[in-house]
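Peer 1: Dropping the structure in here first, questions after.
The values are calculated or read from the model by the stated rules, or taken from the named source; none is laboratory data. Keep in mind that this is a model prediction, so the values were computed, not measured. Note that we place each Cβ from the backbone using ideal geometry, even for glycine, and neighbour counts take in every protein chain shown. Heavy atoms of the whole protein, side chains included, go into the accessibility calculation; ligands, DNA and RNA do not. Shrake-Rupley method; radii C 1.70, N 1.55, O 1.52, S 1.80 Å.
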Amino acid sequence: MCKNKKMLCAFFLSGLCCLGVLSGCASGEKGNPKEQETEEIQTDADAGDQASQDADFSQDEGEDSDAELLFSMEDIEGETYTQEMFADYNLTMINVFTTWCTPCINEIPDLEILRNDMADQGVNIVGIVLDAMDGLGGVDETAVEKAKILAEQTGVTYPFLIPDENSLNGRLSGIQAVPETFFVDKDGNIVGETYSGSRSYEEWKNIVEEILEGEVQ
């Protein structure tokens, strides 16, 4: 059993290296002139990756504030989460990532520290494993297993959710680069800006504090 697990970890890490080289990188963040590292989502059908769908989700501050999220999703361990999870926190950070995205993976340890440090301010973090949903709306078990290994290796304690068949009321359908991060208040409404690209602990901490001061009552 241990031997198989070690082989799976080795396969996972080598796969990340290869995909990191092959994946297109894009810089820039809508709503912020500072360049941030992102990974473009592969849309080539021959590569087997999920095609991105066009959707009109504003990246500007405040324009998403009335979009209440209603959903039911399972995490990678099979536990069910709904929009009721937001009621226990002043602010929830939704971090959308893929298991093959190097910038996504690199920032997860910082997000775990951020969650612990800001828990007393009512801040929570939720990860959504975008590639855990296949092109037909089903679950990609290979991606789920990779996410489990990633959670174990990073020591993350916040949930990694699998997109539901409705892609979080369509909110996930327009994502073309990862990581993508947005924020939700305790009523399930999207608040503040949407952020493309990974950031450091200090950068995220400053962003969260600004949203708590200006957006969340």
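Peer 1: Per-residue accessible area for residue 120 at 1.4 Å probe radius, Å² rounded to 10?
Peer 2: We get 130 Å² for residue 120.
Peer 1: Using a 1.4 angstrom probe on the protein heavy atoms only, could you order 136, 91 from most to least accessible area?
Peer 2: Descending order: 136, 91.
Peer 1: If you place +1 on the Cβ of every Lys and Arg, -1 on the Cβ of every Asp and Glu, and leave all else neutral, what size is the dipole of the stretch 157-217 about its Cα centre, to the nearest 20 Debye?
Peer 2: The calculation lands at about 200 debye.
Peer 1: Among 179, 144, 154, whose Cα sits farthest toward the positive end of the charge dipole of the stretch 85-192 (+1 at Cβ of Lys/Arg, -1 at Cβ of Asp/Glu, about the Cα centre)?
Peer 2: 179
Peer 1: Ordering 212, 172 from largest to smallest accessible area (1.4 angstrom probe), what's the sequence?
Peer 2: Order by accessible area, largest first: 212, 172.
Peer 1: Using a Förster radius of 25 Å, what is the FRET efficiency between residue 117 and residue 80 based on their Cβ-Cβ separation? Nearest 0.05, please.
Peer 2: 0.35
Peer 1: A further question on this structure: Classify the stretch 109-217: rounded, prolate or oblate, from the alpha-carbon gyration tensor (a ≥ b ≥ c, eigenvalue square roots; a/c under 1.5 rounded; otherwise prolate if a/b is larger than b/c)?
Peer 2: oblate
Peer 1: Residue 73 accessible area, nearest 10 Å², 1.4 Å probe?
Peer 2: 10
Peer 1: For the stretch 60-217, what is the charge dipole size about the Cα centre, in debye to the nearest 20, if Lys and Arg each add +1 at the Cβ and Asp and Glu each add -1 at the Cβ?
Peer 2: Roughly 380 debye, rounded to the nearest 20.
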